[in-house]
Each structure stands twice: as C-alpha cells, then as structure tokens.
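All remarks here apply to the structure that follows.
The values are calculated or read from the model by the stated rules, or taken from the named source; none is laboratory data. Being a predicted model, the structure only gives us computed values, none of them experimental. Cβ placement follows ideal geometry from the backbone for every residue including glycine, while neighbour counts extend to all protein chains displayed. Surface accessibility is based on the protein's heavy atoms, side chains included, excluding ligands, DNA and RNA. Shrake-Rupley method; radii C 1.70, N 1.55, O 1.52, S 1.80 Å.
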Amino acid sequence: MHFHILTIFPDFFRGPLDFGIVRRAREAGLMETSLHDLRAYTSDKHRTVDDRPFGGGEGMVLKPEPIFACVDGLNLASRESRLNREAKQSVILLSAQGERFEQALASKLAALETIVLICGRYEGVDERVSSALADREISIGDYVLSGGELGAAVIVDAVTRLIPGTLGNEASSRQESFTATRQLGSGTTGADSTCGSGGLLDYPHYTRPAEFRGIPVPDVLVSGDHQQIRRWRRRTALEKTLRNRPDLLKQVALEKEDREILAKLRSDL
Ligand code: SAM
C-alpha cells in the first residue's frame, strides 16, 4: 500500500506517521508514505497555492493547478478505471462534506494498492478537484477542522492496521470495535477467539495490577474459565454498546443469548 499525501504542511506528518504500528508497517515494507508539498507544484515566485473565491465571500480557496499537477505526476491509472475498480487506486479529497469515514470504508480502502489523500485548507478546495480529479470525498466526522491533515493521518492509521501483517496478532483487529466479522458460536474454544466485536463496541480490557486504587479486576477474568470469560466479554460489549452507541445494535447479528442479555440490560436501565 502506498499512501501519497498532498498538503501545504508536509511537516505536520512528522509525528503521526513516525510511531507505533504505522512506523513498523513502513519499516517492514508493508506500506509506504510519500508527502507532497503542494507549493512545489506552483509556478509563480511566491509559490501561491490559494486565491480569492469567485463570487466574493470570506477567506481563500486552494487553487486547482498545483493539486492537478501533483496528481498528474503520480502517473495513476485513469479516473475511469479507478472509479470502476479496474485499478486498485483511489484519489481522496478530505472534506467536511464527504461521506463519513467508518471501519467498513477503512476495510475497503485496505484492499487498494495506492491511496492519494488531498488535504484541503482555508475555506476549502476549488470544486474542480472534487468533480474532475478525486474519486471520493471523505469526512472523518461531523465537525469542521482547519485542514485535511488530521483526517489524512486518521485514514492512514485506520487503514494501515487492516493491512495483513501489520498487527502482531491478526485476531486483535478482528475483535476491535465496529469490526463486522461474526465470531460468536464460531466453534473455537479459547476466550479470546469467541467474543469478537461482531459490530459491537469492544469489551473492557484489564491488565496488572489485579487491584488498583481499591478497584479490583472482575473475578471472572482471573478465573481461568474461558466459557465464563467469553460470556462476560460478550455481555459487557453489549452493555457498552447499548449505553454509548445503541444505533450499532440495529446492524449486529444477535444470537438468542445476546437478545436475552439485552432484554435484561434494558429492564435494569
Ligand atoms: N468551508 C468548508 C466547509 O464548511 O465544509 C470547511 C473548510 S475547512 C476549514 C478546510 C479543510 O479542512 C477542508 O477543505 C478539508 O480538507 C478539511 N476538513 C475540515 N473538516 C473536515 C472533516 N470533518 N473531515 C475531513 N476533512 C476536513
């Protein structure tokens, strides 16, 4: 996977791409990142990347020329073959007006070979970037950021952890919050392999010390009873999802045991 990031602030990425899983994935050759300073694709002596909006109004808008010039230089497949998925490439414009970035979209993007992330600034980006260059617009949430860089870093991080081989334990990405894989009743016996999220929020995690500031780790987790641990994790994942994200429950394939747990949790509310 090769991420190309187009930005007027390439130094912004010095931190986010240099730690943990993203860094290890890069060092292991599982992914590559290239930062492209849009000012390098300007032709005037002031290296101008923005201009006033036609029609008047506040602020400045990122000009199309440096963005198109930079993407042209990447020698990607045609926009048509990207859009009809012949090419495993995508050109993405970060935008508050885009489709919402969620785990399912991260999984789709993880199957690509090249992802180009265009970071807007100021009042936004000349609309021709969206209508004639980018394949999709993505928003990382319903709020307005000052620039697309944070969004690009979020996408690189979330997609990288889904590239096979990036996580030490492959099971850990399957069990995370929002991951749609159904695992309950999958026939495996260890506690770790039977309580995966299945679209729920993740279950609570504990580590040593067994008691901290008077708060003990739940007894079941130190019982060694894998069946009970699986049940506890499933119940607490259901509980957390019901409390914090009840909307997710509509998309989850619930088993009879889950429905009974939920009915009990709801009656206790
Ligand atoms: N005028 C724009 C609007 O109201 O939608 C906001 C522009 S914002 C100040 C500047 C840039 O930040 C955008 O072009 C986009 O690249 C990025 N941005 C802002 N909010 C974002 C979000 N929620 N997700 C992704 N990118 C965002």
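Counting each DSSP H run of 4 or more residues in the chain as -39500 (n - 2.57), what helix-only mean residue ellipticity at 222 nm follows after dividing by all residues, to the nearest 500 deg cm²/dmol?
That comes out to -9500 deg cm²/dmol.
Averaging over all projection directions, find the projected area of the Cα convex hull of the chain and quote it in nm² with one decimal place.
Average projection, Cα convex hull of the chain: 19.1 nm².
Amide H to amide H, which residues 5 or more places from Val91 or on other chains are under 5 Å from it, using H placed in the peptide plane?
For Val91, whose amide H was placed from the backbone, the distant partners under 5 Å are Val116, Asp135, Arg136.
Evaluate the Debye formula for the range 1-124 with equal point scatterers sitting on the alpha carbons, no solvent, and hand back log10 of I(q)/I(0) at q = 0.16, 0.19 Å⁻¹, in q order, two decimals.
Each listed q corresponds, in turn, to -0.92, -1.23.
To the nearest 10 square angstrom, how much accessible area does Glu65 have with a 1.4 angstrom probe?
About 100 Å², ignoring ligands and nucleic acids.
Run the numbers for His2 and Tyr143: contour at 0.36 nm per residue of separation, minus the present Cα-Cα distance, in nm.
48.0 nm
Highest mean first, how do 134-146, 5-17 rank when packing is the count of other Cβ atoms within 10 Å averaged over residues?
Listed from highest to lowest mean packing, they are 5-17, 134-146.
I want the local charge near Phe178. Using Cβ-Cβ distances under 10 Å, sum +1 for each Lys or Arg and -1 for each Asp or Glu among the other residues.
Net local charge, Phe178 excluded: -2.
Mean-square fluctuation check for the chain, GNM, Cα pairs under 10 Å: which of Leu35, Leu74, Leu93 is largest?
Leu74
List the lysines whose Cα sits under 25 Å from the Cα of Lys88, skipping any in the same chain fewer than 8 residues away.
Candidates past the 8-residue exclusion: Lys108.
How high is the relative contact order of the chain, given as a whole-number percent (alpha carbon pairs under 8 Å, six or more residues apart)? Don't skip to the end; give the middle numbers.
On the way: 421 pairs, mean separation 42.5, N = 269.
Computed over the chain, the figure is 16 percent.
To the nearest 10 square angstrom, how much accessible area does Leu94 have with a 1.4 angstrom probe?
20
Over the range 1-133, average the accessible area per residue using a 1.4 Å probe and give it in Å², no decimals.
56
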